[in-house]
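Participant: Sending over a structure as structure tokens; questions will come in a sec.
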Amino acid sequence: MRENLSTWNDTIVALATAPGLGAIAVIRLSGDKAIEITASVFSKKSILTQPSHTVHFGRLLNGVDVIDEVVVSIYRAPKSYTGEEVVEISCHGAPIIQDAILQLMVHAGARMAKPGEFTQRAFLNGKLDLTQAEAVADLIASNTEAARKTALHNLKGGFSTDLQLMREKLIKFSALIELELDFSQEDVAFANKKELEILVQQLQLKSQALLDSFKLGNVIKNGVQVAIVGKPNAGKSTLLNALLNENRALVSEIAGTTRDTVEEYLNIQGVLFKLIDTAGIRSATQDSIEQMGIDKSKEKILDADIVIALFDVNDEGLDQITVWQSEVSADKLVLVGNKKDLLKDKTILTNTSLQEVVFISAKEKENIKALENLLFQKAVGEGINKEGTIVTNARHVTSLKKLSLALNDIETGLQHNVTGDLLALDIRQALHYLGTITGQITNEDQLDFIFSKFCIGK
């Protein structure tokens, strides 16, 4: 359990802003002696008696030498990020000044913080649960608007609230069943089994909805890998340039110009798409280098979340559509007919049997927006509900799957009228898996692993 985990009585220090040159840098201390250590090297000793959430201007001194003029912010326990005494020193952003202050604080009695140690202390002191702590790391690492909003939702406790409601309802029934066991000689019933069955079914639906959201969550957090494939000179590199709105890939009339993959990122409606321009695929080539490129293209098709199968509507005919449909699964295939601007027979564009094909002119950037919308819909579906809970963490998925199995056991037990002690055991198991998500049940090794992925200073 979280309350049994060890805490620290030392004071840690780290750079809280990005390393390197900047106008301002922030150095953070946390621990029982954070204010005392800072006061020992600060020109204004009065900070020892100052109230929480106050700001003080002065100099940091190494003996008689002035290191920098700084602003010191004081946050007293428990009204701080970590729940401990916290000091944040705003100094000038030269790396030499940052290093000098860090060394000064270590010499005065602090130690350098480990990755994620500030947030780990916040968790152990009850300021955050584990899902919120993990959301801090997700928020820092977010590179799209969708990722930011999802992480912020979880940081504010959106995911935790969903889980807590589930946990409270299960605890209520668990208590009633445990009470029945205490009065087993009296033949009394405190728990309504029918209500418990309905609750378990509701919880099962909720846990399944959270599990189903992981596909979207993974897209938001990690992006979507899109392979652009087709025959030589189908216009793959031109399409990549059109999507990026810049000349990133080399374009030539000579077939087989692209020998290796070219990878670039595109943000579509807040979701990051990794576009991969592959070598043109053809059945036979005498060029060993080109063949290596073709082999790599086929690998990218297997690895991709979405495959844009590009074909020249003027040269290849519609047979190519059937080929791609047989080689790529429908759930990740996007058929794109290129060079519509050169098409003489325009009737193909209105052919109802080809409604799944997006006809474009990559060169003229015609219908590119429609293609972007299709890619987004393929990856995300109807859209992203910014207010709903979206699971983005693989650890949570593992626990939710185990929770679902435990709920199945409860439901089966109710259907077969198992004894109260067995039913109570199944409920405790479900509560255990809920607790592992929020960190109400955890261990130090698990915490060390989770927080080791954080950046230093957070």
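Participant: Just rank Asp277, Asp315, fewest to most, by other beta-carbon atoms within 10 angstrom. Before the final figure, lay out each step's value.
Facilitator: Values: Asp277 28, Asp315 12.
In order of increasing Cβ crowding within 10 Å: Asp315, Asp277.
Participant: Now for a separate question. Each label point is 7 Å from the Cα along the Cα-to-Cβ direction; what then is the distance between the points at Gln50 and Lys365, in nm?
Facilitator: Simple spin-label model gives 5.3 nm for this pair.
Participant: How far apart, in nm, are two points set 7 Å out from the Cα along the Cα-to-Cβ line at Lys194 and at Leu61?
Facilitator: With each label placed 7 Å out from Cα toward Cβ, I get 7.9 nm.
Participant: Related question: Estimate the FRET efficiency between Asn408 and Thr350 by the formula 1/(1 + (r/R0)^6), using the beta-carbon distance for r and 51 Å for R0, to the nearest 0.05.
Facilitator: On the way: r = 51 Å, r/R0 = 1.00.
That pair, Asn408 with Thr350, gives E of 0.50.
Participant: At a Förster radius of 51 Å, what calculated FRET efficiency corresponds to the Cβ-Cβ distance of Ala330 and Lys156, to the nearest 0.05?
Facilitator: 0.85
Participant: To the nearest 0.05, what FRET efficiency results for Gln208 and Glu372 with a Förster distance of 35 Å applied to their C-beta separation?
Facilitator: Values: r = 31 Å, r/R0 = 0.89.
Plugging the Cβ-Cβ distance into 1/(1 + (r/R0)^6) gives 0.65.
Participant: Further question on the same structure: Would you check the range 2-127 for Lys pairs whose C-alpha atoms are within less than 20 Å, ignoring same-chain pairs closer than 8 in sequence, and give me the count? Don't skip to the end; give the middle numbers.
Facilitator: Working: Lys33/Lys44; Lys33/Lys45; Lys33/Lys79; Lys33/Lys114; Lys33/Lys127; Lys79/Lys127; Lys114/Lys127.
So the count works out to 7.
Bear in mind these aren't lab numbers, they're just calculated from the coordinates by the rules spelled out. Bear in mind the structure is a predicted one, so any value in this text is a computation, not a measurement. All Cβ positions, even for glycine, are placed from backbone atoms using ideal geometry, and neighbour counts span all protein chains on display.
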